[in-house]
1. Quickly run through the range 35-72 and pick out the residues that are buried (at least 18 other Cβ atoms within 10 Å of the Cβ), within 17 Å of the chain's Cα centre (by Cα) and either modelled with pLDDT of 90 or more or not in a helix (DSSP H, G or I) (or both).
2. With the structure loaded, tell me whether Asn12 is open to solvent by 80 Å² or more (accessible area, probe 1.4 Å) and at pLDDT 80 or above or whether it fails that test.
3. Would you mind stating whether Val25 is within 18 Å of the chain's Cα centre (by Cα), modelled with pLDDT of 75 or more and among the β-branched types (Val, Ile, Thr)?
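The values are calculated or read from the model by the stated rules, or taken from the named source; none is laboratory data. Treat the numbers as computed from the prediction; the structure is a model and nothing was measured. Don't worry about glycine lacking a Cβ; one is built from the backbone with ideal geometry, like all the others, and counts go over all protein chains shown. Ligands, DNA and RNA are excluded from the accessible area calculation, which covers all protein heavy atoms including side chains. Shrake-Rupley method; radii C 1.70, N 1.55, O 1.52, S 1.80 Å.
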Amino acid sequence: MTTRSKELALVNDVDACRAGGQMIVASRYAECLHRLARQASDLNLEKFADRLTDVANLIEGMAGDTAVDERGGIVLRRADRYG
């Protein structure tokens, strides 16, 4: 393995770790929204619960795209600041 290929492998590993971390963050946000939706449902706030569930499902569905897109990282960091 050449030095150049080692450097490329390291960059790919770093990108994979960053993407994996962002997917975990997105998954945790979705999990919190699902939990909040269940609590809203328990309080007979069905419309609110349905909307929270929809948003959580969208976050889960887009987690892969969010993780590999730099803009997704920015969104997750901003949400973390206010969350």
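1. Scanning the range 35-72 gives Leu52, Thr53, Ala56.
2. No.
3. Here the answer is yes, as Val25 does meet what is asked.
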